[in-house]
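The values are calculated or read from the model by the stated rules, or taken from the named source; none is laboratory data. These numbers were taken from a predicted model, which means no experiment stands behind them. Here the Cβ is made from the backbone with ideal geometry for all residues, glycine too, and neighbour counts use every protein chain on show. With ligands, DNA and RNA removed, areas are computed over all heavy atoms of the protein, side chains included. Shrake-Rupley method; radii C 1.70, N 1.55, O 1.52, S 1.80 Å.
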Amino acid sequence: METMEQGVLGHLMALEREGMGQQDQHESQRLEMLKARAVTLRAKRDQLKHQTDVVKILKDKISTDLPLDDDAAAAGGFTELQKSLLTAWRMQLKDLQRAHHLIGGYDLVECKEGKSVCVSFHTAFEGVYLETYNMELDLTRTVQISRHNIPPSFPLESFAKQILQKDLKAFLQTLSQNLNALAARRRQVCLLKELVGSVEVMESNQLCNILVLMCTAQSESPKAVLCTLEYADLTQCLPTRVRIECEDKTLSQSPQWKKNQSLLLESPAHTAVLTMRRMGSIA
């Protein structure tokens, strides 16, 4: 009986040792798998860190107008450089989108899987929405204008050469400011043409940076007065210089017309003309 118990106990101990051996082997295999997984994750982490560093460097160079040719090797060749550039541009554009919610003026929409962006510039004057201009920017290498519906007279090419590659945000803000000012000047010309009997628009160009008005001065005998408005600052809707000309030199130099000159400098043209009519300066 005792021999049988010893045999059973020995068998159980043998089974226990076998089970422990299998458990140790399983733990050892699991440990090896975890070590291999850790090595893989570290390699992936290092790769992502390198790519992130490259994108940050590219973004900084884009912002400061530094050459990008030396980064082809760092980015892993031209294809990888293109991908990194696209990522950098998209990061900058997302920053601009967040800024837009604060300052307004234009909208950004990614298209062609992030390879380009469409920009819409909304213009308004005195609470009235006017024209909307659209432009597509290609982001595949350096930022280039693909297409747009901005008026040909607008100095878009000049702005692009001066600002686009240096500072995309400044470029878009400059366009928005100039387009809004252009729309405002055009709107003033339209409103002036509606003031029949008070003023006649004698001359105006595509940019509306020169405006010549013919007014009829109130006096014993009606006299024609030429008001020339010059807009040297295209970011503004008010003139930088106003000249008053009349055959009667005493009239153009009179205190009343000096006041009218100040009105035309400090107020939108149609508002100034209406004020001049209410004061009895013009018919």
Against the condition in contact (Cβ under 8 Å) with a residue 12 or more places away in the chain and assigned by the TED database to the domain that holds Thr142, how does Gln218 come out, does it pass?
no
Considering every residue within the stretch 223-232, establish whether at least one is closer than 14 Å to Ala283 by Cβ and touching a Phe, Trp or Tyr at 6+ places or on another chain (Cβ under 8 Å).
yes
Residues to consider are Leu265, Leu175, Leu226; find the one that is among the hydrophobic types (A, V, I, L, M, F, W, C) and open to solvent by less than 50 Å² (accessible area, probe 1.4 Å).
Leu175
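Considering the stretch 181-202 alone, what residues qualify as being over 29 Å from the mean Cα position of the chain (by Cα), surrounded by fewer than 20 Cβ atoms within 10 Å (Cβ to Cβ) and at pLDDT 85 or above?
Those that are over 29 Å from the mean Cα position of the chain (by Cα), surrounded by fewer than 20 Cβ atoms within 10 Å (Cβ to Cβ) and at pLDDT 85 or above: Leu191, Lys193, Glu194, Glu200, Val201, Met202.
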Scanning the stretch 231-261 residue by residue, those open to solvent by 50 Å² or more (accessible area, probe 1.4 Å) and either within 30 Å of Phe154 (Cβ to Cβ) or touching a Leu at 6+ places or on another chain (Cβ under 8 Å) (or both) turn out to be Ala232, Asp233, Gln236, Leu238, Thr240, Arg241, Arg243, Glu245
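Yes/no matrix, rows are residues, columns are (1) in contact (Cβ under 8 Å) with a residue 40 or more places away in the chain; (2) farther than 13 Å from Arg185 by Cα; (3) among the charged types (D, E, K, R):
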{"site": "Lys223", "(1), (2), (3)": "no, yes, yes"}
{"site": "Cys227", "(1), (2), (3)": "no, yes, no"}
{"site": "Leu251", "(1), (2), (3)": "no, yes, no"}
{"site": "Ser262", "(1), (2), (3)": "no, yes, no"}
{"site": "Ala269", "(1), (2), (3)": "yes, no, no"}
{"site": "Met276", "(1), (2), (3)": "yes, yes, no"}
{"site": "Ser281", "(1), (2), (3)": "yes, yes, no"}
